There are 2 protein chains.
Amino acid sequence: MREEKHRAAMRIGELAGRLGLNAKTVRYYESIGLLPMPPRTAAGYRQYGDADLERLRFVLKARTLGLSLEEIRDILTLRREGVAPCRHVAALVEQKLAAVDAQLRALAEFKQDLLTLAREAKNSVPSDTCVCGLIERHRPGRQGEALPLVSAGLRRRR
Amino acid sequence: MREEKHRAAMRIGELAGRLGLNAKTVRYYESIGLLPMPPRTAAGYRQYGDADLERLRFVLKARTLGLSLEEIRDILTLRREGVAPCRHVAALVEQKLAAVDAQLRALAEFKQDLLTLAREAKNSVPSDTCVCGLIERHRPGRQGEALPLVSAGLRRRR
DNA sequence: ATAAACCTTCCAGTCAACTGGATGGTCAAG
DNA sequence: CTTGACCATCCAGTTGACTGGAAGGTTTAT
């Protein structure tokens, strides 16, 4: 059995790279308190361990689901080992749970809307000559661009 | 039977008010092509009807679920009566459906994470003396403020 | 020992989605 | 016929979440 599982010390580039993000973003997350300030090497390089990887993974998951970085930070205070969570943060998690449930319902409903739209799209004659150009009268820019459509996430609105 | 269902003509303030948003926002949505340019009164006031109310309601629902305004605009081209939807937009709806399904799964998973967190919060001694102040060393500002926590929505990430 | 590929800080820019303010016209009530 | 609540446009500011660039130090491979 080889003791070769990726252990402890990695630098910011590796941490970021493993989760598919920019080192700048990791520093930014540290600056807003989402990630703790890690130990540094003699030269001042940040040193991350597996715990940081996990914490960041959680952040990314929550972010994908649309929580604001501020909310994620609040929720993460629960994870800080050794500190008693205040009622305030516990309540936050409760409320987030309720929001998640509401979201699950709304999402199911919206799925129906989309299905209706998709059905309509199939029933009418699909054409490759696109009418989408029409809506460009408002915002002229780049219509040759591929749609992003990557992933959706949950987000707070003001 | 009274013929008193709210009919046709309303101005921007009423439209916005009924859906709980700012008239400015409605104008902004028009400016980016989310809403069609409505007819105007002689004085230049925008006149909205029930169809506009419905369209805007759809926008809000999709927005709550986190689609970007640009994506919503694309999806809405499907609704424009009389025009054949191009494959491009039909494909968009298909992809959105897939995203919604993925989202439903991720949301369920995250709910489990939150439940774990909530359980931990209950097990450890809850205290009213809050440690949340600790994290304010990063971003000093306003800690007396009530948390917003309003609603969550689905959002695209770059 | 030098170049490439890292890392550091700091500051400024970008993008989406609003939001507000200035300035002025419209309309119904008193 | 004036007052207050609307409406219009235009332009500028804000917020959250990055992202890029400059200027410089470090590490590693050749």
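Identify, please: which residue in segment A:29-52 is within 11 Å of another protein chain (Cβ to nearest Cβ) and within 10 Å of DNA strand D (Cβ to nearest atom) and is, among those, most open to solvent (accessible area, probe 1.4 Å)?
Taking segment A:29-52 first, the residues within 11 Å of another protein chain (Cβ to nearest Cβ) are A:29-37.
If we keep only those that are within 10 Å of DNA strand D (Cβ to nearest atom) too, we end up with A:29, A:31-32, A:34.
Numbers: A:29: 8, A:31: 62, A:32: 16, A:34: 1 Å².
Among residues in segment A:29-52 that are within 11 Å of another protein chain (Cβ to nearest Cβ) and within 10 Å of DNA strand D (Cβ to nearest atom), the one most open to solvent (accessible area, probe 1.4 Å) is A:31.
The conditions are (1) more than 9 Å from chain B (Cβ to nearest Cβ); (2) without any contact (Cβ under 8 Å) to a residue 24 or more places away in the chain, and residue A:78 fails exactly one of them. Which is it?
(1)
Got a number for residues in segment B:33-49 being within 7 Å of DNA strand C (Cβ to nearest atom) and closer than 15 Å to residue B:73 by Cβ?
Of segment B:33-49, the ones within 7 Å of DNA strand C (Cβ to nearest atom) are B:41-45.
Now drop any that are not closer than 15 Å to residue B:73 by Cβ, which leaves none.
So the answer is 0.
The values are calculated or read from the model by the stated rules, or taken from the named source; none is laboratory data. Computed from a prediction, not measured in an experiment: that's the story for all the values here. Methodologically, a virtual Cβ is constructed for each residue, glycine included, from the backbone with ideal geometry; neighbour enumeration extends over all protein chains shown. When the accessible area is computed, the model is the full protein with side chains, heavy atoms only, and any ligands, DNA or RNA have been set aside. Shrake-Rupley method; radii C 1.70, N 1.55, O 1.52, S 1.80 Å.
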